[in-house]
């Protein structure tokens, strides 16, 4: 156990007897722990890839090669691939180590998130210290305990909500959200100088470059600052200067991307991810190969081309780049989409979002123990001290983020920073009656710390097991196998089964130009041999030199398929290659 008594004495401020800051020893301990756990996660999952990450990596590679216009994408935001491109330029990783290099960048971003979280926690405790009016009758949790619980919650959320092993921009957004909320807390304390308002606008602008969803949320942050100042100063005119400066800097940072996207799409837009996801999850538009078939969804301007009906084959060789063009820039293929309100669809999404939020707090069961301990401790004569009358404005952006995602799509990595900050606020707002004695307070603290420690321990054991197992790098094995089968870099191929997530295609340097979608594989299997041969000929006619599948049933249903090494991927090659 880390000794706290002497540390507390060292860190107390004579002007604020209750003020406590983490000692160098305590801070070093948690930073070392965070580095060990983060490095373990990154190494254990260094070969795991998802469809989004492939698009970001290919955008980063294009930017590293000087094609910076590749960062202007209607669906994917530019900041994360830009950061990856910097690492590619600096370290020049080989294809084999490319994904590991990406995880190293993620590890650095994860540590930056921890620093930003510390800034947020320091600001929250500063507000908590100045606003408490119940010190004589009620006992607050000591600040050193809140620091420890804050660190543990961060580590816990990094295991269950937003892992550094996840290759996506949410790890960038998290740190920027922590910093923006810390600046909002500073404004709430009346310390919003021009410099801090300028930093506020800059952080919000950079957050938009990391993820388009931060564009509307930036105005919630700015509105919270304006409303708070107006309520404390008595008029909006006296409160405008600081927020106006922040808004101006936000616009300066965001405007180049908004202008580039609007020029490319020939309409005003700050990004199409929100409208596409709304159409998919509320209106029922398919995730891939939309052709305007859903009533009211609009007319597809340039959809993927259907070259066969039974089974369906979709071709997409031009004009979009990437190893799998439909996911490199979905906004191109969905140009013409018209999201519309559907009561039935919206109610279903809200129901699903409620379930996902329940799962969010159910991960590992640790939060149930934390909430139960707080409810029991506060229920025995304690109370909640949520802050001053304007404190809700600080948390409004986080609540707005949770509501915004609930309307369309909730994923744990999306809402992680907002949920984490609200958790820390709840923990810091609990008060225990002094007459309740130290025993209840100590038991509550012990339960909270023990629950978070134990919950964090089991995924660590899992990661250690995965490191020891040292599983093979399957996408690389497939890529090497394709080259050994004389399917060289630059070859166009087709797939039976979705090409989404096909990192092997990127590593092999081949381009998937057509596919029988995964959901339509049963149609291919049900076809007679003549029909199957006709389907394969259609791939050849449009320029594919080989067809790849990881469905053994497809390969076993007809002659001519070869397994790629021992990977359980199979290739059917065109005659020109097989000679």
In degrees, nearest ten, helix 343-362 long axis to first principal axis of the chain (Cα):
60 degrees
Given a Förster radius of 60 Å and the C-beta distance between residue 352 and residue 195 as r, what FRET efficiency does 1/(1 + (r/R0)^6) yield to the nearest 0.05?
0.85
Taking Cα atoms, how many degrees apart are the long axis of helix 437-469 and the longest axis of the chain, rounded to 10 and kept between 0 and 90?
20 degrees
Applying a 10 Å radius around every beta-carbon, put 326-339, 171-184 in order of their mean neighbour count, most first.
171-184, 326-339
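Just rank 116, 453, 32, fewest to most, by other beta-carbon atoms within 10 angstrom. Walk me through the intermediate numbers first.
Numbers: 116 21, 453 13, 32 10.
The most exposed by this proxy come first: 32, 453, 116.
What do you get for Rg/Rh over the stretch 377-505 if you use C-alpha atoms and the Kirkwood form of Rh? Before the final figure, lay out each step's value.
Working: Rg = 25.3 Å, Rh = 20.5 Å.
Here the Rg-to-Rh quotient is 1.23.
Where does the stretch 474-578 land on the Kirkwood hydrodynamic radius, alpha-carbon pairs, in angstrom? Display every interim value, and only then the final one.
Working: mean 1/r = 0.0744 Å⁻¹.
Mean inverse Cα-Cα distance, inverted, gives 13.4 Å.
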Shape call, the stretch 142-192: gyration tensor on alpha carbons, a/c limit 1.5:
oblate
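Contact order normalised by length for the stretch 474-578, with contacts defined as Cα pairs under 8 Å and 6 or more residues apart; what percent is it? Before the final figure, lay out the partial values.
Details: 169 pairs, mean separation 30.2, N = 105.
This gives 29 percent for the stretch 474-578.
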Fraction of antiparallel bridges per DSSP, the chain only, in percent to nearest 5
70 percent
Can you sort 315, 61, 293 from fewest to most other Cβ atoms within 10 Å of each residue's own Cβ?
293, 61, 315
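For a test of the definition: using alpha carbon positions, the gyration tensor, and the 1.5 limit on a/c, classify the stretch 25-97 as rounded, prolate or oblate. Walk me through the numbers before you get to the answer.
Numbers: a/c = 2.19, a/b = 2.04, b/c = 1.07.
Because a/c hits 1.5 or more and a/b exceeds b/c, the stretch 25-97 counts as prolate.
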Could you order peptides 104-111, 298-305, 268-275 by the average number of other Cβ atoms within 10 Å of their residues, highest first?
104-111, 268-275, 298-305
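How many percent of DSSP beta bridges within the stretch 474-578 run antiparallel, rounded to 5?
Values: 7 of 15 bridges.
In the stretch 474-578, DSSP labels about 45 percent of beta bridges as antiparallel.
Going by a ≥ b ≥ c, the root eigenvalues of the Cα gyration tensor, does the stretch 299-417 fall in the rounded group (a/c under 1.5), the prolate group (a/b larger than b/c) or the oblate group? Could you put the intermediate results ahead of the total?
Details: a/c = 3.09, a/b = 2.63, b/c = 1.18.
Verdict is prolate for the stretch 299-417.
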What is the stretch 235-335's relative contact order, in percent, from Cα pairs under 8 angstrom and six or more apart in sequence?
18 percent
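Run the numbers on the chain and let me know its relative contact order in percent, using alpha-carbon pairs under 8 Å that are six or more apart. Could the numbers behind the result be given before it?
Values: 846 pairs, mean separation 91.3, N = 579.
Here the relative contact order equals 16 percent.
Give the Rg/Rh ratio for the chain, taking Rg as the radius of gyration of the Cα atoms and Rh as the Kirkwood radius, to two decimals.
Values: Rg = 26.7 Å, Rh = 26.3 Å.
Reported Rg/Rh, Kirkwood definition of Rh: 1.02.
Multiplying the sequence separation of residue 519 and residue 361 by 0.36 nm and subtracting their Cα-Cα distance, what value in nm do you get? Before the final figure, lay out each step's value.
On the way: separation 158, 0.36 × 158 = 56.88 nm, distance 3.25 nm.
Length difference between fully extended and current span is 53.6 nm.
For each of 143, 411, count neighbouring Cβ atoms within 10 Å of the residue's Cβ, then give the residues from fewest to most.
Working: 143 21, 411 14.
Least to most surrounded, the residues fall as 411, 143.
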I'd like the orientation of helix 79-91 relative to the chain: the angle between its Cα long axis and the longest Cα principal axis, in ° from 0 to 90, rounded to 10.
80 degrees
Arrange the peptides 508-515, 441-448 so that the one whose residues have, on average, the most other Cβ atoms within 10 Å appears first.
508-515, 441-448
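Could you tell me how many cubic angstrom of Cα convex hull volume the stretch 159-222 has per residue?
Details: hull volume 5.6 nm³, N = 64.
Convex hull of Cα atoms, per residue: 87 Å³.
We did not get these values from a lab; they are worked out from the coordinates using the rules stated. Just so we're clear, the structure is a prediction, and the values are computed from it rather than from any experiment. Positions of Cβ are generated from backbone atoms using ideal geometry, with glycine treated the same way; all protein chains shown enter the neighbour counts.
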